[in-house]
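For reference, the structure discussed in these notes is given below.
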Amino acid sequence: MTTRLLFFGALKEAAGANQRLIALPRHVDNVEALIAWLGESDEPLGQALSAPAIRIAVDQRMAARDEKIGGAREIAFMPPFSGG
Amino acid sequence: MNPATEILVSDAPFDPDEALSAFRARHKGAGAIVSFIGDVRGEGGDVESLTLDHYPGFTEVEIEKIARAARQRWPLLGISIVHRVGEMAPGEPIVFVAAAAAHRRAAFDSVAFLMDYLKSQAPFWKKETRNGATKWIEPRTEDFADKARWDRDGE
């Protein structure tokens, strides 16, 4: 099953693209584990995603880092917002 | 979404005067209308352009939550929010917020509240091009303090 990862703001540069399609390994069952797994092949990206100010949305709902992601279609990594 | 709340995220320029006229026309009997326009600051010619990114679908839903919070706090007859995304030049409007109420206190306070929340709780990301270099903008500490004042005041 493919999951779409979305990277916003400065995280786009860290990830090298705005989006990535991945197949979630079975052991990667929550957000924290996903970040660790991404960091295994890209340490700077893992660091950037681990920053406490980064907010995560799973299937367009805000999620905590211990949120389960099994079956998620879309996971977004969002730096602090600057609107207005 | 409450029918008296209108939220538009637009990647094309919009006319805030038109947005206000249209809003007033929709709320003829209200009594009090307050509006805010935010424009791209030029900073004496240094800023060449501002680009706003958003998360389509999610951004609109999060703005609606902010609008709902305003409707729960104040007796409002209507809310209008227009927010640009995409590339903008100095002087172009970025955001328009208007509120209609029977009396001015609710209209003034809700627009200030909506703007304070839009600055830090709405999923937008700003990139600024200045002297040929492009940089992502982090929110200012003032924006967080501005939002916090609504917690202290309580209701």
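The values are calculated or read from the model by the stated rules, or taken from the named source; none is laboratory data. In this text the structure is predicted, and so the values were computed from the model without any measurement. As a convention, Cβ positions derive from the backbone with ideal geometry for all residues, glycine included, and neighbour counts pool all protein chains shown. What goes into the accessible areas is simple: the full protein's heavy atoms, side chains included, and nothing from ligands, DNA or RNA. Shrake-Rupley method; radii C 1.70, N 1.55, O 1.52, S 1.80 Å.
Return the average number of partner chain Cβ atoms within 10 angstrom of each residue Cβ along peptide B:120-129.
Details: counts 5, 2, 4, 10, 6, 11, 5, 4, 1, 0.
Across B:120-129, the average partner-chain Cβ count within 10 Å equals 5.
Heavy atoms only, probe 1.4 Å: what % of the accessible area of chain B goes to carbon and sulfur, would you let me know?
50
Taking region B:1-90, which GluC sites (Glu not before Pro) meet the DSSP loop condition and have no more than 15 other C-beta atoms within 10 Å?
B:GLU43
Between A:GLU13 and A:ALA36, what's the calculated FRET efficiency when r is the beta-carbon distance and R0 is 30 Å? Round to 0.05.
So, using R0 = 30 Å, E works out to roughly 0.90.
Near the amide H of A:PHE8, under 5 Å away, which other amide H atoms are found, from residues 5 or more places off or on another chain, if H is placed in the peptide plane?
A:PHE77
Keeping all protein chains in place, calculate the accessible area per residue for region B:14-155 (probe 1.4 angstrom), answer in Å².
49
Would you mind telling me the antiparallel percentage of the DSSP bridges in chain A, rounded to 5? Show your work: numbers first, answer last.
Details: 13 of 17 bridges.
That works out to approximately 75 percent antiparallel.
Leaving ligands, DNA and RNA out of it, work out the accessible area of B:HIS54 with a 1.4 Å probe and give it in Å² to the nearest 10.
Number for this one is 30 Å².
Got a number for carbon plus sulfur as a percent of chain A's accessible area, 1.4 Å probe?
About 49 percent, which is the carbon plus sulfur part of the accessible surface.
Could you do me a favour and compute the accessible area per residue for chain A, 1.4 Å probe, result in Å²?
50
Hey, how much of the P(r) for chain B falls beyond 19 Å, as a percent of Cα pairs?
Working: 6499 of 11935 pairs.
Within chain B, distances greater than 19 Å cover 54 percent of Cα pairs.
Points 7 angstrom from Cα along the Cβ direction at B:SER21 and B:ARG104: gap in nanometres?
2.5
Taking every DSSP beta bridge that has both residues in chain B, what percent is antiparallel when rounded to the nearest 5?
85
At the nearest 100 Å², what buried accessible area, both sides summed, do you get for B and A when the probe is 1.4 Å?
Numbers: alone 8650 and 5130 Å², together 11960 Å².
Counting protein atoms only, the buried area is about 1800 Å².
Assuming R0 = 35 Å, what is the FRET efficiency of B:THR134 and A:THR2, from their Cβ-Cβ distance, to the nearest 0.05?
The formula returns an efficiency of 0.65 here.
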